[in-house]
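In what follows, a structure is listed as structure tokens, so that the remarks can point back to it.
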Amino acid sequence: WHQTLANILGKPIEISQVEEATATGAALLAAIGTGELKDYAAAANLMQTERQVITPDTSVVTLYEAGYSQFCGLYPTLKDDFHRLSSLS
């Protein structure tokens, strides 16, 4: 999934090694709000962890870009058809 996302976006994806990053971030924001931590920079320093970097595959990025370009050209013409088709389900 991460490789696909990197390929679609054409950008490297950094994956945090913190399993509960959302909960950890919420706790750090609470610590800032209560004065336990001075500021966002102090919280960011606590979150310094190793990250896995997923680099896009440039040959696949080119394919996604070509497909997206075709989609953008076709969508205005097919928009009404897409809406009619979606009402079938």
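So if I check each of Thr4, Thr24, which one is surrounded by 10 or more Cβ atoms within 10 Å (Cβ to Cβ), within 20 Å of the chain's Cα centre (by Cα) and without any contact (Cβ under 8 Å) to a residue 12 or more places away in the chain? Before the answer, list the steps.
Working: Thr24 fails: without any contact (Cβ under 8 Å) to a residue 12 or more places away in the chain.
Result of the check over Thr4, Thr24: Thr4.
Within the stretch 50-89, the set of residues being in a loop (DSSP other than H, G, I, E, B), among the acidic types (Asp, Glu) and exposed (fewer than 11 other Cβ atoms within 10 Å of the Cβ) comprises just one member, Glu50.
For the stretch 39-56, the count of residues that are out of contact with any strand residue (DSSP E or B) (no Cβ under 6 Å at 6 or more places or on another chain) and modelled with pLDDT of 95 or more is at least one. There is no residue in the stretch 36-53 that is on the phi > 0 side of the Ramachandran plot and either out of contact with any helix residue (DSSP H, G or I) (no Cβ under 7 Å at 6 or more places or on another chain) or without any contact (Cβ under 8 Å) to a residue 40 or more places away in the chain (or both).
Restricting the stretch 32-89 to residues that are of a type in the set (Lys, Arg) and more than 23 Å from the chain's Cα centre (by Cα), the residue that is farthest from Ile8 (Cα to Cα) is Lys38.
The values are calculated or read from the model by the stated rules, or taken from the named source; none is laboratory data. Predicted, not measured: the structure shown is a model, and the values here were computed from it. A quick note on method: Cβ atoms are made from the backbone with ideal geometry, for glycine too, and the neighbour counts reach across all protein chains shown.
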